Every structure is written in structure tokens, then in C-alpha cells.
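For reference, the structure is listed below as C-alpha cells.
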Amino acid sequence: MEVSSLPISASHRAKLISAGYISISSLSSISPAHLARDLGISENEATGILKVASQRGGPERTIPSHHSIVDGAQTAWDMLHEEESCRRITTSCADLDDILGGGISCKEVTEIGGVPGIGKTQLGIQLAINVQIPLEYGGLAGKAVYIDTEGSFMVERVQQVAEACIKDMQEYDSFLRKDLPARQVNLQANDFLANIYYFRICSYTEQIAVINYLEKFISEHKDIKVVIVDSITFHFRQDFDDMALRTRLLGGMALKLMKLAKKFTLAVILLNQVTTKYSGGSFQLTLALGDSWSHACTNRIILYWNGNGRYAHIDKSPSIRSASAPYAVTGRGIRNLASNCKRVKLILRARLAHDEHICRSLI
Amino acid sequence: MANKLISEMGLPKSIANIFAARNIHTAKDALSLTEFELTELLDVGLAEVTTAVSSISEISCPPYQTALSLLEQRMHNEYLAGHLPTRLKGLDAALCGGIPFGVITELVGPAGIGKTQFCLKLSLLASLPSSHGGLDGHVIYVDTESKFSSRRMIEIGVNSFPEIFQIEGMAQQMAGRILVLQPTTPTEFSECLQKIKDSLLQHHMKLLVIDSMAALVSGDGQGQCRQHPLGWHMTFIKSLAEFSRIPVVVTNQVRSHSGDDPFHYSFQDSRQNLDFPTTFDSHLVAALGIPWAHAVSIRLVLESKSGQRFIKLAKSSMSPPVAFTFAISASGISLLHDDGIEMTGPEINGICGQGNSGLFD
């Protein structure tokens, strides 16, 4: 590996090259004092450079690491265990959960896009509530961060969805424990509201600032299990003359969000708008922000109208098969298109899946 | 927030000086460059740049609130937790109280359906004293098509609120609170918006009505045009609504649906897809395009079908898709039934343009 690719300041790099240190291996066995003398810099600076170089060493390192052949790598087997122990956030719609393999997965970035009025914000609000469902009901007992760039977060609606969720939990309780005295669900809608951290963003600078700040925020507020950005597009859509800059900024944002998802094991949900694209001789709908952005997210779900119903289609996912499922937006939030009796079945299913998993992990 | 000066952020002197030397003065300048670019530009190590960027981000990030404190704040500070009641019972119930503050509400429909009538009534409602359910404030009415009729507005007032308007001088006071601006060119319109922003900060403006948005904008940004011609206005009006927490009502025109309008995605098999635009015997869509449709928070579609006029709640994050029948009378718009008809499917977004039988039924 070359010294020119190290993330150090330009003047240090120039000094290294003019002193003859072109590859990183040439820095591997040198002392800071020696380097400082050679380059004419302070010993502290030399130590800094050597530290950066050793982090980038890669497979040329001669020091054997303890666990794995390449430091920092994880075996696929370990990752499989991790994935299975990761809970998923239910969407409250059984059909949608089915095609998603149980719900929105934590540790990944999921992009959800659709035409105006299809229910993106509704799904965002539903997930912000569902992440808070207590563990005994199959939820994650986590908190949510809601980053609102368009002002579509209506508090009254969040209250409605929270109240409906509590009713569902009570029904599930009475259904499952019909022989036992009814256990009161000790939650109020306001408790759900208190666990949603709301940021209102008014420009793309603020959007970048909040995503940079999230790392510190989430380490200070434990239990945050989902970050919802509604929508990622709005401020990047107009008054951007420099498209190359836009692509770079979006790429940077996507990387930071992926890092957040992985580091804190949370789900990142990005809501996107639609635009038109000319392909195959006609105009088609496609998600906004361009082709380079479409590579940035791990999973992509498109919400669309088909006939008289709303459907969700999994457009891109490394592990889930491409499929579509119908859903409905009701007074209680996102629900199945079918009748009411499925509602309780859905929560039961989540509970059984969790129990099944517990049994499996004990084997 | 974006224009916060780096010099005032309290960063360590050395790094602050380097930023200034490279002409990076505001948070916006700093955050528009990736960290790698900054190490190149400023000639400092990556670790230092990362620390500086995270401090800048933390300082320029707007403060957070829990959803609960948001709700409590609104219930405490604002009239009806942030809603302007329209006096149309069914509509107000569906909208959780009325036209919401802080977001754009759009009225779209074919010509002559009653959009301006609705706007006149809303202006009146906002100017009423709070004892009668009004916002007790001034209204700015931007009239781009010269449709504002003060005579009609007084007529609506006299017929809807006779007890107020019969008092000596009340009509003058109410009408005196409504300020009408009539720009005739897109440039004047932009200037109007700037003036509105300035006066919002000083006076008790409680409602902004723009009738109509489409009149002064050429084209609607479909397909080829990457930068929406309305882009600046959209974000400006949205932020105006947001920081002043007032309701903003905008009317929009319709245009005929051309064969180029896209309705499906690449993964949808166009054979299976029902050609639904033609099944609602209409060929009208809202003007101003998809980006505008994303920017508004509430969309009310007014249309007329088989002799009946409907007002439909096509896009609203807090209401189910319902339609109400309405009629226009001497006292403005009134609903014929307060129970809405729930509509399923994308039909709620369609605009039917069958002929209207005159303005007054």
C-alpha cells in the first residue's frame, strides 16, 4: 500500500515521499524519533503518522492477531448467529412482515419510497411506535429518533397510532391469557410519545449536521433502536446546482448512516420521494436522488398503488426475495388489508417466532 | 442554523484560524465538504478534522424535543393545538380540528369549483375575534388572478355571522384586517414573498392565502426539467409556515393528463396494470408536478361529478381518505352531509372535470 493514500495532512505526506518513504511497509519498523529526525517534524507528529500507518497495514502486518486471520473481520458463521438474534421491528401488517422476513431488520439501512399520499410518513410513524412495544409482546422496548425535514410529523396522528397499539396489546393479552385475570397494560399513549426524539431540519446543512451528531446523541441516549429520516430527499432536491457535490454529500451521509446502524445495532429508515425517468420509450416513476443513491441503501421498498389497493414491493435486498404485499392505512395506523381477526394472530405470530428462536438458541 | 459562523462556535483557536484562512466561514461551507476534502484543503490530520466537524455538527444541529413535549407545547401555546377551524364540521373532524398551523394546505380543482370561495371564507374566519372562534389576526391574501372580491367577502360575513357584522363598524374592522397583494409578474410575486416574510415577524399575521400558485409559474417541472421552476418558492413558503406557525393555504390549478404522465414503476408489468386514469372519467391532474405534491402536507381536491360537488381529503397524514359533498351559497361553502364517504384506492387523488352548473346552485 502507498503512503499517498494515507489520511494525513498534505505537507506530512509530501515530506514522507521526499524523504523516501513511499510504501507503508517502509514505515513498519521505524521508531518515532528516527522518523521525526528524517522528516524534520516533532516526535508527537511522527508518532501520529506511524499510528495511522499501522491501522492501514492490512494483510502485510507481521504481528499475528488473536482471533482471526485478518484483524477486524468476522466469520460468516458468527454473522449468521448475530443476524438471527437480531430482533425485527414489526410493521403491524402481517402480510408486509411476511415478505420482510418478520419486519424491518436492525443493523441495516432500509429505504422506503413512494408517491405523495401513499403512506410513507404513516409507515414511519408506525415503526416509531412499534419499536417501543415491550419485550413480552414481541417488541424491542426501544426508543426512536424521528428526523423530520418536511414538517409532516403530525403529533395528533402519533397519538392515535399509539393508542391503537396499546389497545392491540390489551387484546392480545386477553386473548392469550383468557383463563387468568386480566393483566393491565400499564402504558399510556403519552409514554410512547415521550420516547420519540424529534428533530426538525430546515436545510441540507442541518441534515448533514444532525447525521454527524447522531453518533454522539445515540451513545448518550441508550435504547434508541430506530432512526427515521422523513424525508431524505426534500432538501437535496431543489437549489442544488452542483450535482457532483450532491452525489458526494449523499454518499457521505449514506456511509455514516450505515456505520450508525452497524455500530449501535439499530434500524435506519430513510423515506424517499419519487421522480420521473425516461426509459424504454416512456416515462416511468422511480425513486428520487439519482442512480448513485440507489446503490447506497441496503434494502429498498417501494410503496405503490395497484388497482384500488396500496402495495409494498421489495425492490432490492441482499437477503430477502423480491415480492409484493398489500397493506392498508387505517385510523389505527398501518394494518393488513384483510379483516380484523388477523390482527391478534399477527402479534401472536411474533411472540411464537420469538419463543421459537429462544428454543433454537438453546440447542 | 446553517449560516452560523465558525468563529463564534468556540472551536480551539488553531483550527478556527485555519478554517478562516481557507475561506470557510459558516457551518454550511464546512459541512458541504467531505472530511477527506477538508484534510486536503486545510492541511491537517484526519483525526483533527473529524473532531472539528463533529463539534460544528453538534452546534449547528437544531435542538431535539420529544414528541410529547411537542404536543404539550402546541396545546399550551396555540389555538386548538394548532388548528384553524373551517366551520365545516365533517372536515374539521377529519382534520383533527381544522387547517393545521405550520404546514401548507393545498386546494386543487378545476376552474369555478369554489377554491376562491373557500379562501374568502377562511380569510374571514381568521380575522374574527377569538370570542367567535377566529384567530383575531391579520390575513395576507396574495391574489395572482385578480379574483378577490371584497363585496363577496362581506356578503359571506353578513350571512354567516350576522351577529358580528350588524354591529356598527365591525365589517370595516374585519375587512381592514385582510391585506390583499396582487402581483402580476413572477418577479413581483417573489418580491411579495420577501415582503411577507419581513412583516410576519412584526405583526400579528395569522393566515397566509396564495390564490393561486400556478398562475405565475410557467411549466410544472415534469420529466425533463431537473430543477423545479418552483423550487425556491416551495422551500421559502414551507419555511415561512414552519417558523411562524401559521396556516398557509395555497390554491392550485389543474391541467389535462397527457399520455406522458407516468403512473407506474419499472417493476410493474404494464400489461397487468389497470389503466386507471381513464376509469375515472377524468383527464385532469393537479398542476405543478410531483415535487410540489410532495411538499404540501394536506391536499384538498375539489371536483364535480354528476352534478354534485365533492371536497376530498386526498393527502393528509392524520385523516382517512374521505370525501364530502358541498354546495356554495350566500354564506360561502357548506357541507351537505357531515359524514364523509370513505374512498378507497387512488380515486381519491383523481380530479373529475365534468361541467359545473354555475356558481350558485
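Scanning the stretch A:282-295 for residues that are open to solvent by 20 Å² or more (accessible area, probe 1.4 Å) and more than 11 Å from chain B (Cβ to nearest Cβ) yields A:ASP291, A:SER292, A:SER294, A:HIS295. Checked against (1) over 30 Å from B:GLU188 (Cα atoms); (2) out of contact with any helix residue (DSSP H, G or I) (no Cβ under 7 Å at 6 or more places or on another chain), B:THR66 meets all criteria but (2). Taking A:LEU245 and the conditions (1) touching a helix residue (DSSP H, G or I) at 6+ places or on another chain (Cβ under 8 Å); (2) facing chain B (nearest Cβ under 9 Å); (3) more than 15 Å from A:ILE269 (Cβ to Cβ), which numbered condition does it fall short on, given that it satisfies the others? Failing condition for A:LEU245: (1). I'm trying to understand the selection: among the residues of the stretch A:130-147, which are at negative phi and more than 10 Å from chain B (Cβ to nearest Cβ)? Answer for the stretch A:130-147, where residues must be at negative phi and more than 10 Å from chain B (Cβ to nearest Cβ): A:ASN130, A:VAL131, A:GLN132, A:ILE133, A:PRO134, A:LEU135, A:GLU136, A:TYR137, A:GLY139, A:LEU140, A:GLY142. When A:GLN273 is tested against (1) within 12 Å of chain B (Cβ to nearest Cβ); (2) open to solvent by 10 Å² or more (accessible area, probe 1.4 Å), only condition (2) is not met. Contact map, the stretch B:95-107: first residue touching a residue at least 12 places away in the same chain (Cβ under 8 Å), second residue among the charged types (D, E, K, R), Cβ cut-off under 6 Å, separation 6 or more or different chains; pairs are B:CYS96/A:GLU156; B:GLY98/B:ASP92; B:PHE101/B:ARG245; B:GLY102/B:GLU242; B:GLY102/B:ARG245; B:GLU106/B:ARG299; B:LEU107/B:LYS115. Condition check: within 14 Å of chain B (Cβ to nearest Cβ) and over 41 Å from the mean Cα position of the chain (by Cα). Does A:ILE41 satisfy that? So A:ILE41 fits the description; yes.
In the stretch B:103-126, what residues are under 25 Å from A:PHE199 (Cβ atoms) and either surrounded by fewer than 20 Cβ atoms within 10 Å (Cβ to Cβ) or touching a Pro at 6+ places or on another chain (Cβ under 7 Å) (or both)?
Taking the stretch B:103-126 as the starting set, the residues that turn out to be under 25 Å from A:PHE199 (Cβ atoms) are B:103-105.
Answer for the stretch B:103-126, where residues must be under 25 Å from A:PHE199 (Cβ atoms) and either surrounded by fewer than 20 Cβ atoms within 10 Å (Cβ to Cβ) or touching a Pro at 6+ places or on another chain (Cβ under 7 Å) (or both): just B:THR105.
Elements of the type strands (runs of 3 or more DSSP E) sitting completely within the stretch B:263-355 and holding at least 2 residues that are at the interface with another protein chain (Cβ under 10 Å from one of its Cβ atoms) and either at pLDDT 85 or above or touching a Gly at 6+ places or on another chain (Cβ under 6 Å) (or both): these cover B:298-305, B:308-315. Hey, any hits in the stretch B:139-148 for a residue that's within 20 Å of the chain's Cα centre (by Cα) and in a helix (DSSP H, G or I)? No, there is no match, as no residue in the stretch B:139-148 is within 20 Å of the chain's Cα centre (by Cα) and in a helix (DSSP H, G or I). If you check B:THR66 against the conditions, is it within 21 Å of the chain's Cα centre (by Cα) and either at the interface with chain A (Cβ under 9 Å from one of its Cβ atoms) or within 29 Å of A:ASN190 (Cα to Cα) (or both)? For B:THR66, the condition - within 21 Å of the chain's Cα centre (by Cα) and either at the interface with chain A (Cβ under 9 Å from one of its Cβ atoms) or within 29 Å of A:ASN190 (Cα to Cα) (or both) - is not met.
Quick one: which of A:LYS262, A:LYS222, A:LYS216 is surrounded by fewer than 21 Cβ atoms within 10 Å (Cβ to Cβ), farther than 20 Å from B:SER32 by Cα and at the interface with chain B (Cβ under 8 Å from one of its Cβ atoms)?
Values: A:LYS262 fails: at the interface with chain B (Cβ under 8 Å from one of its Cβ atoms); A:LYS222 fails: at the interface with chain B (Cβ under 8 Å from one of its Cβ atoms).
Only one candidate qualifies: A:LYS216.
Each residue in the stretch A:186-213 was checked for being more than 8 Å from chain B (Cβ to nearest Cβ) and among the polar types (S, T, N, Q), and 3 of them qualify.
Taking the criterion of being touching a helix residue (DSSP H, G or I) at 6+ places or on another chain (Cβ under 9 Å), among the charged types (D, E, K, R) and in a helix (DSSP H, G or I), the residues of the stretch B:9-57 that qualify are B:LYS28, B:ASP29, B:GLU35, B:GLU37, B:GLU40, B:GLU48. When every residue of the stretch B:45-59 is checked against the conditions, none turns out to be surrounded by 16 or more Cβ atoms within 10 Å (Cβ to Cβ), under 33 Å from the mean Cα position of the chain (by Cα) and under 27 Å from B:ILE104 (Cβ atoms). Scanning the stretch A:118-165 for residues that are free of Cβ contacts under 8 Å to residues at least 40 places away in the same chain, open to solvent by 20 Å² or more (accessible area, probe 1.4 Å) and of a type in the set (A, V, I, L, M, F, W, C) gives a single hit, A:LEU135. Comparison of B:ALA81, B:ALA94 shows that the only residue that is within 14 Å of chain A (Cβ to nearest Cβ), under 20 Å from B:PHE326 (Cβ atoms) and open to solvent by 10 Å² or more (accessible area, probe 1.4 Å) is B:ALA94. Across the stretch B:167-203, the qualifying residues are those that are of a type in the set (A, V, I, L, M, F, W, C) and not in a helix (DSSP H, G or I), and the one among them that is most open to solvent (accessible area, probe 1.4 Å) is B:ILE167. B:LEU42 satisfies every condition listed in (1) open to solvent by less than 20 Å² (accessible area, probe 1.4 Å); (2) facing chain A (nearest Cβ under 7 Å); (3) modelled with pLDDT under 85 except (2).
The set of residues from the stretch B:11-33 being at the interface with chain A (Cβ under 7 Å from one of its Cβ atoms) and either within 24 Å of A:GLU45 (Cβ to Cβ) or more than 40 Å from the chain's Cα centre (by Cα) (or both) is empty.
The values are calculated or read from the model by the stated rules, or taken from the named source; none is laboratory data. None of the values given here were measured: they were computed from a predicted structure. Note that we place each Cβ from the backbone using ideal geometry, even for glycine, and neighbour counts take in every protein chain shown. Areas reflect the complete protein model, heavy atoms only, side chains present, ligands, DNA and RNA absent. Shrake-Rupley method; radii C 1.70, N 1.55, O 1.52, S 1.80 Å.
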